[in-house]
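Visitor: Would you mind keeping the following structure in view while I ask a few things?
The values are calculated or read from the model by the stated rules, or taken from the named source; none is laboratory data. For clarity, every value in this text was computed on a predicted model and none was experimentally measured. Cβ placement follows ideal geometry from the backbone for every residue including glycine, while neighbour counts extend to all protein chains displayed. Areas reflect the complete protein model, heavy atoms only, side chains present, ligands, DNA and RNA absent. Shrake-Rupley method; radii C 1.70, N 1.55, O 1.52, S 1.80 Å.
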Amino acid sequence: MRNVLVTLVAVSALVLGLAVVPAAAQNARALLQAADNAVGASKVNSIQYTGTGRISYLGQNFTTADDWPRVDLKSWSQTIDYGNKSAKEEMVRVQGNNPPRGGGAGFPITGEQRSTTLVSGNYAWTLNAQGQPQAQNDQAEVRQFMISVTPHGFIKAAMADPNATVTDREFIGTGRNLRVVGFTTMGKYRSTGEFNDQNMLERVVTWIPNPVMGDMQVEIRYTDWKDVGNGIKAPFHIHMHQGDHPLVRGMNFMDVQASEVKANVESASLTVPDAVRSAAAPRVNVQSTKLADGVWLLAGGSHNSIAVEFKDFAAIIEAPLDDARSNAVIAETKRLIPGKQIRYVVNTHHHWDHSGGLRAAYAEGATIITNELNKDFYERVVLVPQPRSLSPDRLSQFPFATTGPGPGKLETYRERHAISDGDQSIISYHVDGFNHAGDMAIVYLPKSKILINADMGPPAAGTPVANVSPNSVALYNNIKRLKLDVSQHVPIHGNPSSNTDFESTVGPAAARARPAGPEGQ
Ligand SMILES: [Zn+2]
């Protein structure tokens, strides 16, 4: 009897649910229909934008308070096929007159830097320098989602969500009223779009998952809408922010001006290469090697960590990439140094590929050692235990009370920080005269004379003087300034090497750079 009653209640709720469409959903439907009429979204099966502009390196700013380092887009094109959920973006980046301050792969750019990123359904890839596909299937979900926040994609995806809503919003002081449509797609991605009194989409605000920012805000402004034929309009100016947060004014990610937009282009859909279709899912791989008494290199991926044993505790230098990498590094440290709490995690600098695993270490109870320049951003943005809905991590799933006594702490310094038990020590030194990151530290282990650096080389032994990067020269100069007695270099990227090689390769480049260098020695 009880079961029957439950069923009856459930059925009548279902009937009611079908019969009563909430007013907000009805209004959203009418607005989206008008928006579709205004720009011809449902007539767009595929579209191709071509233009120029500028783009930035996300998470690679000089300090946490700076805008992203930017470069010019000598050319940019984006081709989208809505039916096949495929998109291809091609860029040629050049340094232009943009300041060479900050990081990013290949930044600052000499010559031209080309990239092609692709997605087709659940497959994503890029092309290497030889034009061969490189699987990036873990990126497919977000790339596919981003199709639904393109100018016409937004209207299509919002129309496909029966629960899309609309809300009026008055922009105080401007006298403008916009209507904001909200919808959810792919089961979890929430987007909002602002429509003006011409039913034109002006701005989209959404969120994508990011190891440092959590549900990272993305804002896209569409302006300069023009006719592109067959009753279809497209925006010729696209301006995008990524990673805005309460401590900054706005983080400019991309700005492009289209010279041409073509709707319903031939062969916009992509064929997934076999190598991408059959690619195995990337897995976290940690390989440890003993470097010295109580010191291990934790390698096996693109970024290394170093585990150090003290009398009463353990410490890790660098928690890079993301939660998965960090959890694996923590597990390996516990295996190598059993029974000792991981009390410290030493961070070289704030760039996201070097700080994406800090939250996992924080959740473990480790105190994070970093430059004081990072204090506000780490405490008030990165390490907050608020839920991360798009990609929950260890700290968001197992939070501790913000009022304490939470285990995690942040310890900051300006020039030098030491952890020591009288025998083993880890000393962080702030790096002077370095364009890559204003908060950069090199980390010295006096007992083993190991020096750890991020993004500063060393170059391979025998690299010609002309090819030694300014980053390695900065490392050289800082070693001399601090009078460090180094026997081995252990980089966060790449393999350990001897200081003898470093002296003979970088020494001549540093000598040559000295007279001309504005920073001098
Ligand atoms: Zn960096």
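Visitor: Restricting to segment 109-131, and then to whatever is touching a residue at least 24 places away in the same chain (Cβ under 8 Å) and assigned to a loop (DSSP other than H, G, I, E, B), can you tell me which residue is farthest from the ligand (Cβ to nearest atom)?
Guide: Checked segment 109-131; the qualifying residue farthest from the ligand (Cβ to nearest atom) is Gly121.
Visitor: With respect to the numbered conditions (1) in contact with a His (Cβ under 8 Å, 6 or more places away or on another chain); (2) more than 23 Å from Asn374 (Cα to Cα); (3) open to solvent by 40 Å² or more (accessible area, probe 1.4 Å), which one is the sole condition not fulfilled by Ser504?
Guide: It is condition (1) that Ser504 fails.
Visitor: On the basis of being over 17 Å from Ile47 (Cβ atoms), open to solvent by less than 20 Å² (accessible area, probe 1.4 Å) and of a type outside the set (Asp, Glu), does Gly175 make the cut?
Guide: Numbers: over 17 Å from Ile47 (Cβ atoms): yes; open to solvent by less than 20 Å² (accessible area, probe 1.4 Å): no; of a type outside the set (Asp, Glu): yes.
Criteria not met by Gly175.
Visitor: Continuing with the same structure: Looking at Ser428, Ser497 in this structure, which one is closer than 17 Å to Trp296 by Cα, at pLDDT 95 or above and crowded, with 18+ Cβ neighbours inside 10 Å? Lay out the reasoning, then the answer.
Guide: Values: Ser428 fails: closer than 17 Å to Trp296 by Cα.
After ruling out the rest, the residue left standing is Ser497.
Visitor: While we're looking at this one, here's another question. Which residues, counting only those in segment 439-454, are part of a loop (DSSP other than H, G, I, E, B), away from the ligand (no atom under 11 Å from the Cβ) and in contact with a Leu (Cβ under 8 Å, 6 or more places away or on another chain)?
Guide: Filtering segment 439-454 for residues part of a loop (DSSP other than H, G, I, E, B) gives 439-440, 446-449, 454.
If we keep only those that are away from the ligand (no atom under 11 Å from the Cβ) as well, we get 446-449.
Within segment 439-454, Ser448 is the sole residue that qualifies.
Visitor: Go through segment 365-376 and give me each residue that's within 15 Å of the ligand (Cβ to nearest atom) and part of a helix (DSSP H, G or I).
Guide: Here is the first cut: in segment 365-376, the ones within 15 Å of the ligand (Cβ to nearest atom) are 370-371, 373-374.
Passing the criteria: Leu373, Asn374.
Visitor: Further, regarding this structure: Given the residues Gly301, Gly339, which is the only one that is under 28 Å from Asp423 (Cα atoms) and either part of a loop (DSSP other than H, G, I, E, B) or within 16 Å of the ligand (Cβ to nearest atom) (or both)? Talk me through it step by step, then tell me what you get.
Guide: Details: Gly301 fails: under 28 Å from Asp423 (Cα atoms).
Result: Gly339 is the single residue among Gly301, Gly339 that is under 28 Å from Asp423 (Cα atoms) and either part of a loop (DSSP other than H, G, I, E, B) or within 16 Å of the ligand (Cβ to nearest atom) (or both).
Visitor: Looking at (1) part of a loop (DSSP other than H, G, I, E, B); (2) under 19 Å from Glu503 (Cα atoms); (3) open to solvent by 70 Å² or more (accessible area, probe 1.4 Å), find the lone condition where Pro458 falls short.
Guide: Of everything listed in (1) part of a loop (DSSP other than H, G, I, E, B); (2) under 19 Å from Glu503 (Cα atoms); (3) open to solvent by 70 Å² or more (accessible area, probe 1.4 Å), Pro458 misses just condition (3).
Visitor: So, one more: For the structure I just gave you, tell me whether Arg190 is touching a Phe, Trp or Tyr at 6+ places or on another chain (Cβ under 8 Å) and among the basic types (Lys, Arg).
Guide: Details: touching a Phe, Trp or Tyr at 6+ places or on another chain (Cβ under 8 Å): yes; among the basic types (Lys, Arg): yes.
Criteria met by Arg190.
Visitor: Under 8 Å by Cβ, and 6 or more places apart or on different chains, what pairs join a residue from segment 497-514 that is at positive phi with one that is of a type in the set (A, V, I, L, M) and exposed (fewer than 15 other Cβ atoms within 10 Å of the Cβ)?
Guide: Between residues of segment 497-514 that are at positive phi and residues that are of a type in the set (A, V, I, L, M) and exposed (fewer than 15 other Cβ atoms within 10 Å of the Cβ), there is no close pair.
Visitor: Tally the residues that are small (Gly, Ala, Ser) and modelled with pLDDT of 80 or more, restricting the search to segment 383-418. First the steps, then the outcome.
Guide: Taking segment 383-418 first, the residues small (Gly, Ala, Ser) are 389, 391, 396, 401, 404, 406, 408, 418.
Still in the running and modelled with pLDDT of 80 or more: 389, 391, 396, 418.
Qualifying residue count, segment 383-418: 4.
Visitor: Looking at Thr63, Thr79, which one is within 16 Å of the ligand (Cβ to nearest atom) and surrounded by fewer than 22 Cβ atoms within 10 Å (Cβ to Cβ)? Give the derivation first.
Guide: On the way: Thr79 fails: within 16 Å of the ligand (Cβ to nearest atom).
Thr63 is the lone residue from the list that is within 16 Å of the ligand (Cβ to nearest atom) and surrounded by fewer than 22 Cβ atoms within 10 Å (Cβ to Cβ).
Visitor: Restricting segment 1-54 to residues that are modelled with pLDDT of 95 or more and hydroxyl-bearing (Ser, Thr, Tyr), which is farthest from Val92 (Cα to Cα)?
Guide: That would be Ser42.
Visitor: Would you please name the residue that is most open to solvent (accessible area, probe 1.4 Å), looking only at residues in segment 134-153 that are under 13 Å from Gln78 (Cβ atoms) and among the aliphatic types (A, V, I, L, M)? Steps first, answer last, please.
Guide: Step one: of segment 134-153, the residues under 13 Å from Gln78 (Cβ atoms) are 143, 146-147, 149-153.
Remaining after also requiring among the aliphatic types (A, V, I, L, M): 146-147, 149.
Values: Met146: 42, Ile147: 15, Val149: 1 Å².
Result: Met146.
Visitor: Looking at (1) on the phi < 0 side of the Ramachandran plot; (2) crowded, with 19+ Cβ neighbours inside 10 Å; (3) more than 21 Å from the chain's Cα centre (by Cα), find the lone condition where Gly294 falls short.
Guide: Going through the list (1) on the phi < 0 side of the Ramachandran plot; (2) crowded, with 19+ Cβ neighbours inside 10 Å; (3) more than 21 Å from the chain's Cα centre (by Cα), Gly294 breaks only (1).
Visitor: Now for a separate question. For segment 178-195, give me each residue that is open to solvent by less than 20 Å² (accessible area, probe 1.4 Å) and closer than 14 Å to Leu31 by Cα.
Guide: Here is the first cut: in segment 178-195, the residues open to solvent by less than 20 Å² (accessible area, probe 1.4 Å) are 178, 180-183, 189, 191, 193-195.
Once the filter is applied, which keeps residues that are open to solvent by less than 20 Å² (accessible area, probe 1.4 Å) and closer than 14 Å to Leu31 by Cα, segment 178-195 yields Leu178, Val180, Val181, Gly182, Phe183, Gly193, Glu194, Phe195.
Visitor: Output the number of residues of segment 342-364 satisfying the condition of being open to solvent by 10 Å² or more (accessible area, probe 1.4 Å) and away from the ligand (no atom under 16 Å from the Cβ). Break it down stepwise before answering.
Guide: First, the residues of segment 342-364 that are open to solvent by 10 Å² or more (accessible area, probe 1.4 Å): 343-344, 352-353, 362-364.
Those still in the list that are away from the ligand (no atom under 16 Å from the Cβ) too: 343-344, 362-364.
Summing the residues that are open to solvent by 10 Å² or more (accessible area, probe 1.4 Å) and away from the ligand (no atom under 16 Å from the Cβ) in segment 342-364 gives 5.
Visitor: Here is a further query. What's the number of the condition Gln144 fails, among (1) assigned to a strand (DSSP E or B); (2) touching a Lys or Arg at 6+ places or on another chain (Cβ under 9 Å); (3) over 19 Å from Ala38 (Cα atoms)?
Guide: Answer for Gln144: the failing condition is (1).
Visitor: Can I ask one more? Residue by residue through segment 197-226, note down the ones that are open to solvent by less than 60 Å² (accessible area, probe 1.4 Å), hydroxyl-bearing (Ser, Thr, Tyr) and farther than 30 Å from Ala363 by Cα.
Guide: Correct list: Tyr222 only.
Visitor: Any residue at all in segment 318-326 that's out of contact with any Phe, Trp or Tyr (no Cβ under 6 Å at 6 or more places or on another chain), within 16 Å of the ligand (Cβ to nearest atom), acidic (Asp, Glu) and open to solvent by less than 20 Å² (accessible area, probe 1.4 Å)?
Guide: yes
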